[in-house]
1. What dipole magnitude, in Debye to the nearest 20, does region 88-225 give about its Cα centre under +1 on Lys/Arg Cβ and -1 on Asp/Glu Cβ?
2. Sorted by mean Cβ packing within 10 Å, highest first, what order do the peptides 396-409, 416-429 take?
3. With a 1.4 Å probe and all protein chains left in place, how much of the accessible area of region 273-427 comes from carbon and sulfur atoms, in whole percent?
4. Work out the length of the dipole vector of region 1-132 about its Cα centre, built from +1 on the beta-carbon of each Lys and Arg and -1 on the beta-carbon of each Asp and Glu, and round it to the nearest 20 debye.
5. Going highest first, how would you order 264-271, 40-47 by mean Cβ packing within 10 Å?
6. Give the shape of region 15-173 as rounded, prolate or oblate, defined through the alpha-carbon gyration tensor: a ≥ b ≥ c are the square roots of its eigenvalues, a/c under 1.5 means rounded, and otherwise the shape is prolate if a/b is larger than b/c and oblate if not.
7. In terms of modelled amide H atoms, which long-range or inter-chain residues lie less than 5 Å from the amide H of L18?
8. In Å², what does the accessible area per residue of the chain work out to with a 1.4 Å probe?
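The values are calculated or read from the model by the stated rules, or taken from the named source; none is laboratory data. Predicted model, so just to flag it, every value in this text is computed and none were measured. For neighbour counting, all protein chains shown are included, and Cβ atoms are generated from backbone atoms with ideal geometry for every residue, glycine included. Remember, those area values only see protein heavy atoms, side chains included, never the ligands or the DNA or RNA. Shrake-Rupley method; radii C 1.70, N 1.55, O 1.52, S 1.80 Å.
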Amino acid sequence: MGTHPDPHPAQPTLRRALGRWDLTAIGVNQVIGGAIFLMPADVARQVGNWAPIALLAIGLASLCAALCFAEVGSRFEGTGGPYLYTRAAFGRFVAFEVGWMQWFTRATSQASVANGIALALGFYWPFMTAGAGRGAMLTGITLALLLINIRGIRQSAWVVNTLTIGKLVPLAIFIAVGLFFAKADGLMNLPPITVEQVSTAALLLIFVYGGYDVIGVPAGEAEDPRRHIPFAFITTILVVTAVFVLAQVITMGVLPDVAASRTPLADASAAMLGVAGGLLIGVGSVISMTGNNAGQVLTGSRMLFALAENGELPRWFGRIHPQFRTPSNAIVFTSVVALMLMLSGSFVMLATVSAVARLVTYTGACAATLMLRRPRFEGTVQPATFVVAGGALVPALAIGSSMLILVMANRAQLLGGAAALAAGALLFVLNDRFRGGEVSGAGVPVPSR
C-alpha cells in the first residue's frame, strides 16, 4: 500500500543546544561591551579614589538582582526571560511592556555599539568613520552576524563564546601585567564625597553592569535551562565584578590622573607595554564590541520570537526555519531595524529609553520573584530549582537598587521611556484588535486577573 503525506506535518522547534557556559558567555558578553574601556575615567571623575569601592558596591547590588533572576528563571524552560516571568506573575500587558522594552533596547544598543566599532576602526582607517566606508562596514558586520544567527544556535554560541574569550584575554593580560606596574599608595587616600557624587556614580555604574538580564531570554534553546540559568546569572556577575574592579584598580595605579584620560585603559596599557599595549587594548575593544553585537542579535531576536510565540505579535515573527531551527524572521527583522538605526544615526536619540527600559525589566523580574512564591501560583508555574535565601530581603534590595534609576534619571530619559512604553501599549492594543482578542499563550500560563 502507498503512503500518504501527513496533511499536518510537525512544525519545527528551536534546537536545545546551549550549555551553562554558553549562557554565561552570553551574559558576560552583554555586560562587558565597549564601556569598560572608558569606564575607569568616567567613574574616577565622579568619586575619585572611591571608584573601586563604588564598582564593588554596585557589583553586589547587581548580584542581588541576578539572584532574583536566577530564582525566577529556574521556573521556566521557554524562550523569553523576563517577559515570561512577568507574564506569569502580572499578566499579559505588563509582560508585553517588558518584552517590548527589552527588544527595543537590544536593537538600539546594537546600533550604538556598531557605531563604536566604526569609531575604533576609524583610528586606523579613517574612511570607516563616514560616508560609504562607514556604511559598508556597518552593513557587512550586521549581515555577517545575521547569517551566523540564522545558520543555527550552535554556530551563534560558538561566535559569542569565541568573541567573549577574545575580549577577556586582553583584559586578563592588562590586569596581570598591571599587578607589577600599578602603585596602590595613592588609592588609600579617600577624601570626603557628596551624596550627589555617589548617586551620579551609582546610576552610571548600574548602566555599566547592565545587560545580564538577557541571559534567560534564549532559555528555549538551552539544554537544561532550569538548572543552567541560575548558574549563568550568578557566575556572570561574579566574573564581571572581578574584571571591573581589577581593571579600575590597575588603571588608577598606573595613570597619575585617570579622570583626565579620554581612553584610560589604552593609555594605561601603553604606559606599561608601549605601542603593543595600546594595540592590545585597541584590538580588544573592537572584539569586545563585535561580540556584544553578536549577543544583541541573538537575544533581541529571541525576545521578538517569544512575543510572537505567545500571540502578542503576528505569527510571522515566530517562524522557525525548517532546516536551521532558528527564529529566522525575528533575526532578519531585528537586524534590519538595527542597521537602519546605525545608518541614520537615530539611535542616539532613542538611547534615552534605556534607563526606563532597565527599570521596567529589573523591577518586573524581581517583583515576579516575590509574586511567584505565593501559594496560589503552585501548579501554574514550575517550582524553583534555586531559591534565594533570606526571604523577601534580597528581592527588596534589588528592587530598591533598580528604583535608583527612576530617582536619578533625567527629564529626557523619563520622557523617552514614557514614550516607548506608550508605543508598546498601542502595539498591544492594536495586536489584540487585529487578532480579535485571541492569544495563543503557547509559552506560559497566564493567571486570571
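1. 420 debye
2. Output ranking for 396-409, 416-429: 396-409, 416-429.
3. Taking all protein chains in place, region 273-427 shows 72 percent carbon and sulfur surface.
4. For region 1-132, the charge dipole is close to 60 debye.
5. 264-271, 40-47
6. oblate
7. A222, E223
8. 42 Å²
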